[in-house]
1. Helix-only estimate, please: 222 nm mean residue ellipticity of the chain, summing -39500 (n - 2.57) across DSSP H runs of length 4 or more and dividing by its residues, to the nearest 500.
2. Quick check on region 47-102: take the gyration tensor over C-alpha atoms, sort the square-rooted eigenvalues as a ≥ b ≥ c, and tell me if it's rounded (a/c under 1.5), prolate or oblate.
3. Which values of log₁₀ I(q)/I(0), to two decimal places, follow from the Debye formula for the chain at q = 0.12 Å⁻¹ with a uniform point scatterer at every Cα?
4. Between region 66-108 and region 1-56, what is the separation of their alpha carbon centroids in Å?
5. Over the chain, with a Gaussian network built from C-alpha contacts below 10 Å, which listed residue (GLY13, GLY51, GLY89) shows the highest mean-square fluctuation?
Amino acid sequence: MPNLTFYISENHGDKFKNLDDFTHKCSVLCCDILGAEPKNIHIIFVYVKAGCGQPVCAELFYRLTALRTHEVMENFMRQLDFATQQVSGLTTRIRCFGYPAEHIFARN
């Protein structure tokens, strides 16, 4: 963990030309700001038929730790929004969901 998923409107998918570079930037944010281990980061992109709202939605699921304070998460969201705007020119709806370690069950 963390798991970062981007839901991108099919109508705006062409704005994300270099997903490798963007994935790297997002991974660095997870490491540098959230203190995540690179081997634990999972980033995916899902293209969707958008109904309404922003053309890009990002959801982060992460393990709660003492390090990941409100201020840290605000900084992460600010930096993720900046990185997304740099790559695509689009504003992203960002939501972060933290879970206590004892309530996370995972495999692989």
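Since every read-out is calculated from the coordinates, none of them should be taken as a lab result. All of these numbers come straight from a predicted model, not from anything done at the bench.
1. -10000 deg cm²/dmol
2. Note, shape of region 47-102 comes out oblate.
3. Values returned for q = 0.12 Å⁻¹ are -0.40.
4. Cα centroid to Cα centroid, the span is 10 Å.
5. GLY51
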